[in-house]
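Quick notes on the structure that follows.
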Amino acid sequence: MSLAAESPSPSSPSSSSGSDDFAALLDAELELTSAADSASAGDPSAASDDDEEDGNDEEEEDVVVVVGQEDAIVEQSSTKRRRVEDQHRDQGTAMRPDEDTVGSSKDVKIDTCPPHPGFFGGLCIRCGTRQDEEDVPGVAFGYIHKDLRLGTTEIDRLRGADLKNLLRERKLVLILDLDHTLINSTKLFDLSTAENELGIQSAAKEVVPDRSLFTLETMQMLTKLRPFVRRFLKEASDLFEMYIYTMGDKAYAIEIAKLLDPDNVYFGSKVISNSDCTQRHQKGLDVVLGAEIVAVILDDTEYVWQKHKENLILMERYHYFASSCRQFGFGARSLSESMQDERENDGALATILDVLERIHTIFFDPDDQKPLSSRDVRQVIKRVRQEVLEGCKLVFTRVFPLDRRPQDQMLWKMAEQLGAVCCTDVDSTVTHVVALDLGTEKARWAVSNKKFLVHPRWIEAANFRWQRQQEEDFPVARPKEKGKENAADAPISKEKGDENAADAASAKKGNENVAEAASTKEGSKENADDADNAEKSKSDDAASGATGS
């Protein structure tokens, strides 16, 4: 009774993970159970006596003779039983809190039901008992096998075994969002007049080497791969076991996985979609068979990872199509309408790949005296992030609303996470004054004392690029350039559609945005304060079969 056909994406021989290994193990167990059940439906001992040794083969032969099966079937059944027992012995001590891991392997005993480790199609994957109401708790892993649900103990055991294998191979886990992170998609009916006039649909149908624009005919959609994504996946796969995790629906996720991984060497069955989530509008590592202490998340939306912010690397959003700009309220021309794109070598993905390589190097540092199993990638991420603005002391002037505590504002917290020291008053130790215009006393103090005077977007750029940006690329406007806008709604870049994290106000042309300052052609990046509304919009699209987070 093979279950391989139930997997959303067939596993490649070169792809190995906890979920893929478990799928193979599950196939073996269920084939064995199926053979035993057909041999003796009324004899439960024939299907459950898993830890018998040499005498087991003879007993199985007797059962098979009764039902008239071939000797070859007996031999195959016995071989599979031994294979399952061997894998249980190899993994049995991985993460069982009630066992002494120092003992020899001969002391390890295979658990018996109950408790049941999990259920497939309503039957226990170990003993074949039908699931009842008391056995409902657990987590569904439909992306591994349809109708598969595992209990907490079994999940912990599998994660422990996977962690052991990963550390042996010097790999971490990388969770990848799709839309606005690796790709950008649009419905055909959402194409703008300019996009249609430029013949973007015809361009998507052209079969050329290394093309990045595709038509999803069955879904009436266009998908654009983010520049550098192929090289990113290739190099990241040497350091990480990779999952796709999207708020899009399952069919969409599988189609995009085929575009990103046509040879099925990166993801295997590890494609998680909105139907796998255990909480509405939220993503969680509870459906990932990888330990949280080695998991790194790449996503453009922080809001959906409420329980795992320490694992998250926030991505600069990729807005290629006009519909994407409209979805997030940007009035600027899209990259597709401008016939431009991010640059390969210094775009968002190239930058983040450097960050991931540094995180991997620090985690596996041979000079670190702490055992690998005791290290936590979340501490490494925090350490690398704090190096970005280390040594900078910032003062904000008229950036935040007067009736709000500055310390509670997103931009203040972001600067501190990047390693900067933030304060409310100027002194000789201040290195930067963050302002929206030159019309404040603190801004004039910065000029007269030859301190850096920067726009708030300087902090945002550092947050996305994981490195300190050139201050001169983020100048502060003079009061006369503000027009009718006041300090609370100060100018921010409109040229590329960037939003200011503090003010969410439209800007006048002429200011450089974050993407331009980082030498990219990207159309925009959104206000972090609007993440909730943006994610709900994305989730609504996912529910209707469109793209997801």
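Annotation: LYS309 fulfils all but one of (1) open to solvent by 10 Å² or more (accessible area, probe 1.4 Å); (2) touching a Leu at 6+ places or on another chain (Cβ under 9 Å); (3) under 28 Å from GLN467 (Cβ atoms); the unmet one is (2). Across region 330-346, not a single residue is classified as under 17 Å from the mean Cα position of the chain (by Cα) and on the phi < 0 side of the Ramachandran plot. The set of residues in region 217-230 being over 20 Å from GLN340 (Cβ atoms) and either out of contact with any Ser or Thr (no Cβ under 7 Å at 6 or more places or on another chain) or modelled with pLDDT under 95 (or both) consists of GLU217, THR218, MET219, GLN220.
Considering LEU163, LEU213, LEU222, the condition of being outside the structural domain of SER323 (by the TED database) and of a type in the set (A, V, I, L, M, F, W, C) is satisfied by LEU163 alone. A count restricted to region 286-310 and to residues that are hydrophobic (A, V, I, L, M, F, W, C) and free of Cβ contacts under 8 Å to residues at least 60 places away in the same chain stands at 1.
Within this structure, LYS283 fails the test of being modelled with pLDDT of 95 or more, assigned by the TED database to the domain that holds ASP177 and open to solvent by 20 Å² or more (accessible area, probe 1.4 Å).
This table checks each residue for (1) among the hydrophobic types (A, V, I, L, M, F, W, C); (2) closer than 21 Å to GLU471 by Cβ.
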{"position": "GLU357", "(1), (2)": "no, no"}
{"position": "ASP368", "(1), (2)": "no, no"}
{"position": "PHE396", "(1), (2)": "yes, yes"}
{"position": "ASP403", "(1), (2)": "no, no"}
{"position": "TRP412", "(1), (2)": "yes, yes"}
{"position": "GLU416", "(1), (2)": "no, yes"}
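Residue count for region 444-459 under the criterion of being part of a helix (DSSP H, G or I) and open to solvent by less than 10 Å² (accessible area, probe 1.4 Å): the result is 4.
The values are calculated or read from the model by the stated rules, or taken from the named source; none is laboratory data. Predicted, not measured: the structure shown is a model, and the values here were computed from it. Neighbour counts run over all protein chains shown; Cβ positions are idealised from the backbone, glycine included. We work out accessible area using only protein heavy atoms, side chains counted, and drop any ligands, DNA or RNA first. Shrake-Rupley method; radii C 1.70, N 1.55, O 1.52, S 1.80 Å.
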